[in-house]
Amino acid sequence: MQQLCAPPLARHPVSLRPHQGVPVKRYVYITRRGHFSAAHRLENPAWSIEKNMEVFGKCASPNYHGHNFYIEVTLRGEVDPDTGMVVDFSDLKRIVDRHLIDQVDHKNLNLDVPFLRGVNPTAENLVVKFWEQLAPHFPSGMLYKITLYETAKNVVEYYGPSED
Ligand SMILES: [Zn+2]
């Protein structure tokens with residue numbers, strides 16, 4: 001009886017585009033998840049407290065509030081034929097921990113983090129600054145996406161700077 005299963009693997013791994021003879025790239029995306037807890041307060045210092053409360057609601061409360069943030073850092077790369085890996089997950093973890101998590105965990109994002117100085121720490125602004133913090137530690141073009149969960153329901157994604 002014929003088994004119902006996945007189609008057989010190609011007899012010859014496809015390494016060339018048909019008719020073009022152009023090598024194809026096989027990008028694999030790998031993601032490291034991290035977590036940190038931090039306090040912040042949303043504020044545009046050019047506005048009155050009333051206007052800040054109107055725009056940012058409870059998040060403008062003068063005495064700060066906290067979140068349990070989750071972050072996902074996604075790299076894109078080809079699989080190294082020698083290692084079978086895009087990047088060793090332990091290297092990715094080390095970079096994310098050292099250059100991001102350790103910088104922000106149990107900190108006040110408005111006051112304690114040098115690379116966030118002068119930034120209104122909305123999730124959107126945070127994810128852009130996190131990109132700037134991490135990108136230099138990966139080969140050019142390898143950092144693909146950062147996803148920041150401010151809450152379980154509020155999520156922002158950033159794919160890095162673009163020209164359009
Ligand atoms: Zn908040």
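Along segment 72-77 the Karplus relation, 6.51 cos²θ - 1.76 cosθ + 1.60 evaluated at θ = phi - 60°, assigns HN-Hα couplings of 10, 10, 10, 9, 10, x Hz to successive residues, with x for each Gly and Pro. Equivalent ellipsoid of the chain: semi-axes from √(5λ) of the C-alpha gyration tensor, largest first, are 41, 17, 16 Å.
Residues whose amide H lies under 5 Å from that of MET85, counting only those 5 or more places away or on a different chain, are ASP80; hydrogens are built 1.01 Å from N in the peptide plane. Across segment 159-164, computed HN-Hα scalar couplings (Karplus, 6.51 cos²θ - 1.76 cosθ + 1.60, θ = phi - 60°) run 10, x, x, 9, 9, 10 Hz from first to last residue, x flagging Gly and Pro. Among VAL55, TYR27, TYR70, whose Cα projects farthest towards the positive end of the dipole of segment 15-85, with charges put on the beta-carbon of Lys, Arg (+1) and Asp, Glu (-1)? With unit charges placed on the Cβ atoms, the residue in question is TYR27.
Applying the Karplus relation 6.51 cos²θ - 1.76 cosθ + 1.60 with θ = phi - 60° to segment 39-48 yields 3J(HN,Hα) values of 9, 7, 8, 8, 7, 9, x, 7, 9, 5 Hz, where x marks Gly and Pro.
Under Stokes-Einstein, with the Kirkwood radius over Cα pairs standing in for Rh, what whole-number D in µm²/s applies to segment 84-164 at 10 °C and 1.306 mPa s? Don't skip to the answer; put the middle values down first.
Working: Rh = 13.8 Å.
Diffusion coefficient, whole number: 115 µm²/s.
Remark: relative contact order (the chain) = 24 percent; criterion is Cα-Cα distance under 8 angstrom and separation of 6 or more residues. Here the chain is assigned +1 on the Cβ of each Lys and Arg and -1 on the Cβ of each Asp and Glu. Its dipole about the Cα centre then comes out at about 380 debye.
Among DSSP beta bridges whose residues both lie in the chain, state the antiparallel percentage, nearest 5. Could the numbers behind the result be given before it?
Details: 25 of 27 bridges.
DSSP beta bridges in the chain are roughly 95 percent antiparallel.
Values in this text are rule-based calculations from the coordinates and carry no lab data. Predicted model only: the values in this text are computed from it and were never measured. Note that we place each Cβ from the backbone using ideal geometry, even for glycine, and neighbour counts take in every protein chain shown.
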